[in-house]
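Bear in mind these aren't lab numbers, they're just calculated from the coordinates by the rules spelled out. Because the structure is predicted, anything quoted here is derived from the model rather than measured. FYI the Cβ positions are ideal-geometry reconstructions off the backbone, even for glycines, and counts take in every protein chain you see.
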Amino acid sequence: MRENVQKNRRFRGTPRGFHWAVMPILFLVVWEMAAIAINNQFILPRLGSVAVVLATPFSPILGSGSLVDNAIDSLQRVVVGFAVGAALAVPLGVAMGRWSTVDRLVDPLIQVFRPIPPLAWVPLALAWFKIGLASMVFIIALGSFFPVLLNTLDGVRSVKRTWIEAAMTLGATERQVLTKVILPGALPTIWTGMRVGFGIAWMCVVAAEMMPGTNSGLGYLILYAYNFSQVQVIIAGMIVIGLIGLGIDTGLRRFEERKFRWRELER
Amino acid sequence: MKKLVVDRVSKTFETDTGEEVEALRGVTLEVEEGEFICILGPSGCGKTTLLRIIAGLDTPSEGAVLVDGEPVRGPTPRLGMIFQDYSLYPWRRVVDNIAFGLELAGVGKATRTERAREYLELVGLDEFADAYPYELSGGMRQRVAVARALATEPAVVLMDEPFGALDAQTRNAMQRELLEIWEKTMKTVLFVTHSVDEAVFLADRIVVLTTRPGRIREIVAVNEARPRDRTCTAGASLRRYVLGLIDEGRPDT
Ligand SMILES: Nc1ncnc2c1ncn2[C@@H]1O[C@H](COP(=O)(O)OP(=O)(O)O)[C@@H](O)[C@H]1O
Ligand SMILES: [Mg+2]
């Protein structure tokens, strides 16, 4: 498949191996030209000034920590929040997928709560948990909860009936059916849910860090930089946010491709 | 004592729309230890239902199933089941698929792997111990399923059209191999098929079912010695006879 894609690209006359760089380079060129034309660093800074910020990730920015310090803070929050969300969503999803009574009981609630965007919970989170880690974890956990839940549910439901029945005729207890057939059988789909959930969690953490009273994290940093009209810091922070999100998604996807190859090959 | 007794088993399903479907009516069957029984009938006549009831995966509406005199109340490792779609676990290597039943029973890793390898050898797949099921052909997968079912040493092996999805050549080879394994292990086998040829080649006795609701039309003993010749005249007349039974069972002929 990959080979086909490359052949296609070559057919279109783009040098092989560099086609992915064309649009980003074009984008940077347009940016630089626009920045020169606008000639106002408070609206669009030159590439160079953003690059300086990115090139010194360990030096403190405006007295509120370096890029790396703030990135680590954000990552810690997202990991805790995501862990809480997934730890609630996976067992509930398995229970709903396995026992239709649980599904019928819980589903109406899920349907009502799911369309509420995580950020709509911010005021309530502040009222309940005050400013701080707890309210951020709450928002992030909410954001990752639904994609993980729905994918888990889907994965458990798609476990073949004869896989379960074969295990039962081999003497499996209900617990063994859950841990040795349903969980491994649903794991690829659960993992997809985790990947989607983590992406949403990452968006939530940045937004949650813009809540009043926060004093660290990449979301905080770019809002803080706005107050000082440091647009080059805003953009550098955004680039770091994007790259971290991309890096994590790529890692999770690699793992998925390596460990769950059977899902594609089976069908 | 009989190894397996199916005692006046009937089954009526209720569909989602509330309709009643009578799948089996008053099926009675007694099987001796070590017998090879084929259950033969047109598709939709209730063969799978009968096998699932014997395996304890479905409950009969009436009647009971006894193994060694004890009633079957649910799935049990004493009754090994081999499904038509193999139902191997794609995330487990071949050897771990075969060891699965032993793993469930709490047998230690070293012992169960060793036992699994013995059964792998029995079905002639020793080289594929570390392969994944998706790397195997249909016939090889079904052999793994056979080995998996045998590894827990069930009293009775139930097979639901296990070779139905295979091409004719592989199918013939699998039938011969199955007989070899059966002769080595002396298991009691209930083998569901809709193929008269297959039943005549394999069975000690052929249980011919009628169209739905499935009842026993006749139990035909096959008294020919093994290995059987697929083309001999005795076989041909038996096939003709059994085909006649099935055709008479059809409502529109
Ligand atoms: N769970 C079920 N609910 C309703 N009807 C069923 C169910 N399982 C089987 N049947 C019906 O029972 C009849 C016998 O089915 P089956 O045992 O699968 O036949 P066979 O294996 O001989 O082809 C069919 O008409 C089928 O539609
Ligand atoms: Mg069937």
Peptide B:89-95, shielding by other chains (average Cβ, 10 Å cutoff): 5
Assuming R0 = 51 Å, what is the FRET efficiency of A:ALA34 and A:GLU266, from their Cβ-Cβ distance, to the nearest 0.05? 0.55
If amide H atoms are modeled at 1.01 Å from N in the peptide plane, then the residues at a separation of 5 or more from B:GLN84, or on another chain, having amide H under 5 Å from its own are B:ASP160
Per-residue average of Cβ from other chains inside 10 Å of A:157-164: 3
Using θ = phi - 60° and the Karplus curve 6.51 cos²θ - 1.76 cosθ + 1.60, what whole-Hz ³J(HN,Hα) does each residue of the stretch A:232-239 get, with Gly and Pro shown as x? 5, 6, 3, 5, 4, x, 4, 4
Could you check the spin-label model distance between B:ASP7 and B:GLU121? Points 7 Å from the Cα along Cα→Cβ, value in nm. 4.2
For the pair B:GLU153 and A:HIS19, the simple spin-label estimate (label points 7 Å beyond Cα toward Cβ) gives in nm 6.1
What is the antiparallel percent of DSSP beta bridges lying wholly in the protein assembly as shown, to the nearest 5? 50
Could you list, in their original order, any pairs among A:LYS160/B:LYS187; A:LYS160/B:LYS109; B:LYS2/B:LYS47; B:LYS109/B:LYS187; A:LYS180/B:LYS11 whose Cα atoms are separated by more than 24 Å? A:LYS160/B:LYS187; A:LYS160/B:LYS109; B:LYS109/B:LYS187; A:LYS180/B:LYS11
Per-residue average of Cβ from other chains inside 10 Å of B:75-81: 4
Cut-off 20 Å, label 7 Å out along Cα→Cβ of B:ASP58, residues of the stretch B:80-118 by amide N: B:80-87
Any residue on another chain or 5+ positions along whose placed amide H is under 5 Å from the amide H of B:ALA23 is listed here as B:LYS11, B:THR12, B:PHE13
